[in-house]
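Scroll down for the structure; my scribbles are underneath it.
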Amino acid sequence: MRTLVFIPAWNEADSIAAVIAGVGESLPEADVLVIDDGSTDATAERAREAGALVASLPFNQGLGAALQTGYLHARREGYDACAHLDADGQHPPAEVARLLAEIYADRADLVIGSRYRDPGKAESDDYKPTLSRRIGTGVFRFFLTLATRQRFTDTTSGMRAANRRVMTLFSERYSPDFAEIESLQLAVREGLRVEEVPVRMLERAGGTSFLTPLRSAFFIFKGLIVLMVGQFRPRHVEAER
Amino acid sequence: MRGLVLTATDPKVHLTSQTRIIAAVLALAFMALVLELIRRDRLQERFSVVWFIAGLGMLVGAAFPGLLTVVADAMGVRDTNVALFSIVLLLLLGLALNFSVIMSRQAAQITRLAQERALEKAHEQARSGENGSEPKRERLES
């Protein structure tokens with residue numbers, strides 16, 4: 001099984017090398033691709049020094065476009081499985097291996113790492129979210145569950161593993177604006193098996209969350225529109241070219 | 001009172017020759033501006049058609065102001081101003097939406113272009129061997 005682990009990174013020069021090293025330790029067989037989303041710091045250089053292949057987008061395109069770049073590469077290069085994790089060090093690479101195990105065993109097409117170990121609980125032993133995040137999580141959880149008729153606890157998780165069916169779908173259709181949540185809806189609608197696996201996540205090492213209350217409200221509003229529109233999108237899996 | 005209401009909703013369009021000349025000159029100037037933008041490569045021909053039609057419409061309106069009364073009658077509107085404004089507003093709304101659609105398509109194209117270029121760069125890196133890990137590079141090339 002050839003595996004690609006890709007890491008979307010935007011100005012993560014401080015943490016990227018450690019994340020790449022961690023992936024190399026936990027998944028020595030996997031190829032590592034860093035998608036540098038128009039970073040203005042030394043992210044790309046650090047990643048290359050750490051031994052990863054780097055795909056640099058010429059300007060910042062947003063997380064969705066960066067992730068799609070990874071899926072596109074995985075599909076074109078004929079990888080059997082792929083996984084991605086955040087570049088800020090919140091996602092322990094050892095946990096990514098557990099997601100990939102589900103793909104290797106063909107128990108699911110797309111596996112999401114959920115930071116909520118106890119499904120249904122808004123927080124876990126390691127993870128204590130802020131109030132606005134908790135509200136957002138609850139709203140998305142409710143509406144995505146309603147839209148897909150499948151239980152999801154961590155709708156915005158950036159730690160995922162996928163097989164070729166998902167690569168084919170996501171490399172063609174992946175919302176650049178609201179990637180995390182819409183991609184789940186899309187995958188379920190296309191009849192793919194999506195599974196959540198509880199994982200351990202760490203507090204972010206540096207920097208603050210981008211979520212202020214006002215932004216959260218806007219984020220939630222946008223998310224609901226995206227979900228609603230998504231329910232009416234035509235279904236079809238494009239044949240692999 | 002009754003007479004006041006009647007004059008306020010008089011369906012006839014009264015324009016002095018002066019206003020009609022000014023309107024016609026403005027319409028011609030507008031079309032000249034569109035032409036100039038095309039000439040300087042600031043505007044592509046395929047996006048200019050709609051603006052020429054708009055300019056012609058302005059010119060026709062200036063030449064035959066009575067046409068507006070016909071249009072208002074067809075719409076069942078007594079006030080020609082309402083007819084004019086609602087038509088123009090709807091046209092502009094449609095045009096703005098059309099541009100949003102074009103913008104969305106171009107945004108998608110730009111994203112894909114950026115992705116292609118990024119992956120091309122990654123391939124270059126893999127070939128040139130800047131990447132320290134030998135087996136990974138070989139696998140990627142195969």
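If you go through segment A:151-175 and keep only what is in contact (Cβ under 8 Å) with a residue 60 or more places away in the chain, surrounded by fewer than 21 Cβ atoms within 10 Å (Cβ to Cβ) and closer than 23 Å to A:GLY138 by Cα, you end up with just A:SER175.
Restrict the check to segment A:47-64 and report whether at least one residue is out of contact with any helix residue (DSSP H, G or I) (no Cβ under 6 Å at 6 or more places or on another chain), among the aliphatic types (A, V, I, L, M) and crowded, with 24+ Cβ neighbours inside 10 Å. So far as segment A:47-64 goes, no, none of its residues is out of contact with any helix residue (DSSP H, G or I) (no Cβ under 6 Å at 6 or more places or on another chain), among the aliphatic types (A, V, I, L, M) and crowded, with 24+ Cβ neighbours inside 10 Å.
If I filter segment A:129-147 down to residues being of a type in the set (A, V, I, L, M) and under 19 Å from A:LEU184 (Cα atoms), which single residue comes out as nearest to the chain's Cα centre (by Cα)? Talk me through it step by step, then tell me what you get.
Going through segment A:129-147, the residues of a type in the set (A, V, I, L, M) turn out to be A:131, A:135, A:139, A:144, A:146-147.
Narrowing the set further to residues that are under 19 Å from A:LEU184 (Cα atoms) leaves A:139, A:144, A:146-147.
Working: A:VAL139: 19, A:LEU144: 16, A:LEU146: 21, A:ALA147: 20 Å.
Out of the qualifying residues, it is A:LEU144.
Between residues in segment A:1-12 that are farther than 13 Å from A:VAL34 by Cβ and residues that are buried (at least 20 other Cβ atoms within 10 Å of the Cβ), which pairs lie under 6 Å by C-beta distance while being six or more apart or on different chains? Cβ pairs passing all conditions: A:MET1/A:ALA81; A:ARG2/A:TYR79; A:THR3/A:ALA30; A:THR3/A:ALA81.
Condition first: more than 10 Å from every other protein chain (Cβ to nearest Cβ) and among the hydrophobic types (A, V, I, L, M, F, W, C). Now tell me which residues in segment A:48-99 satisfy that. Passing the criteria: A:LEU63, A:LEU67, A:ALA74, A:ALA81, A:CYS82, A:ALA83, A:LEU85, A:ALA87, A:ALA94, A:VAL96, A:ALA97, A:LEU99.
Beta carbons closer than 7 Å, at least 6 apart along the sequence or on distinct chains, pair a first residue in segment A:21-46 that is at positive phi with a second that is part of a strand (DSSP E or B) for A:GLY38/A:LEU57.
When only residues in segment A:193-207 that are modelled with pLDDT under 75 and within 19 Å of the chain's Cα centre (by Cα) count, which is surrounded by the most Cβ atoms within 10 Å (Cβ to Cβ)? Show your work before the answer.
If we filter segment A:193-207 for residues that are modelled with pLDDT under 75, which is where we start, we get A:203-207.
If we keep only those that are within 19 Å of the chain's Cα centre (by Cα) too, we end up with A:203-205.
Numbers: A:GLU203: 9, A:ARG204: 13, A:ALA205: 11.
Per the stated criteria, the residue is A:ARG204.
In the condition set (1) among the polar types (S, T, N, Q); (2) within 14 Å of chain B (Cβ to nearest Cβ); (3) closer than 25 Å to A:ILE181 by Cα, A:THR43 is compliant with all but (3). Of all the criteria given as (1) more than 13 Å from the chain's Cα centre (by Cα); (2) farther than 23 Å from B:HIS14 by Cα, the one not satisfied by B:SER86 is (2). Among the residues in segment A:35-57, are any charged (D, E, K, R) and touching a Phe, Trp or Tyr at 6+ places or on another chain (Cβ under 7 Å)? Yes, segment A:35-57 contains a residue that is charged (D, E, K, R) and touching a Phe, Trp or Tyr at 6+ places or on another chain (Cβ under 7 Å). Inspect all residues belonging to segment A:5-21 and state whether any of them is among the charged types (D, E, K, R) and either within 13 Å of chain B (Cβ to nearest Cβ) or closer than 24 Å to A:GLU196 by Cα (or both). Scanning segment A:5-21, I find no residue that is among the charged types (D, E, K, R) and either within 13 Å of chain B (Cβ to nearest Cβ) or closer than 24 Å to A:GLU196 by Cα (or both), so the answer is no.
Just the residues that are modelled with pLDDT under 70 and more than 19 Å from A:SER157 (Cβ to Cβ), please, taken from segment A:209-241.
Correct list: A:HIS236, A:VAL237, A:GLU238, A:ALA239, A:GLU240, A:ARG241.
The values are calculated or read from the model by the stated rules, or taken from the named source; none is laboratory data. The model shown is predicted, which means the values in this text are computed figures rather than measured ones. FYI the Cβ positions are ideal-geometry reconstructions off the backbone, even for glycines, and counts take in every protein chain you see.
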